[in-house]
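Derivation of every value follows stated rules applied to the coordinates shown; laboratory data play no part. All values derive from a computational prediction rather than experimental measurement. Heads up, the Cβs are rebuilt from the backbone with ideal geometry, glycines too, and the neighbour counts pull from every protein chain shown.
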Amino acid sequence: MTGTRAFIAIGVLLGEQYSFMHDLESFFWVLFWICVHYDRPNESRVVNEFNKWNYISPKTLAGLKKGQVVYEGILSNS
């Protein structure tokens with residue numbers, strides 16, 4: 001498995017055979033990362049909950065990502 005773990009599709013993390021859908025999901029995770037880590041242009045913020053994504057096991061990361069997809073409140077301003 002190669003690439004930045006935070007952006008790897010859940011299926012790839014779980015060892016599924018590659019599909020073009022994994023590329024689309026990876027794009028989603030890049031967009032998710034940008035939305036969570038940036039308030040405005042040139043104003044970033046540290047979100048430790050997501051920074052650890054690059055250092056945990058693939059199986060654990062897949063579970064965390066599944067939870068984030070279910071919990072949409074992380075992207076709201078409230």
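Could you give me D for the chain, from Stokes-Einstein at 37 °C and 0.692 mPa s, where the hydrodynamic radius is the Kirkwood radius over C-alpha pairs? Units µm² s⁻¹, please.
249
Given Cβ point charges of +1 (Lys, Arg) and -1 (Asp, Glu) and nothing else, what value in debye, to the nearest 20, does the dipole of the chain about its Cα centre take?
Roughly 220 debye for the chain.
Can you tell me the orientation of helix 58-70 relative to the chain, as the angle in degrees between its alpha-carbon axis and the longest Cα principal axis, to the nearest 10?
Here the helix axis deviates by roughly 50 degrees.
Net charge near SER57: determine it from the other residues with C-beta under 13 Å of the C-beta of SER57, scoring Lys and Arg +1 and Asp and Glu -1.
In short, +4.
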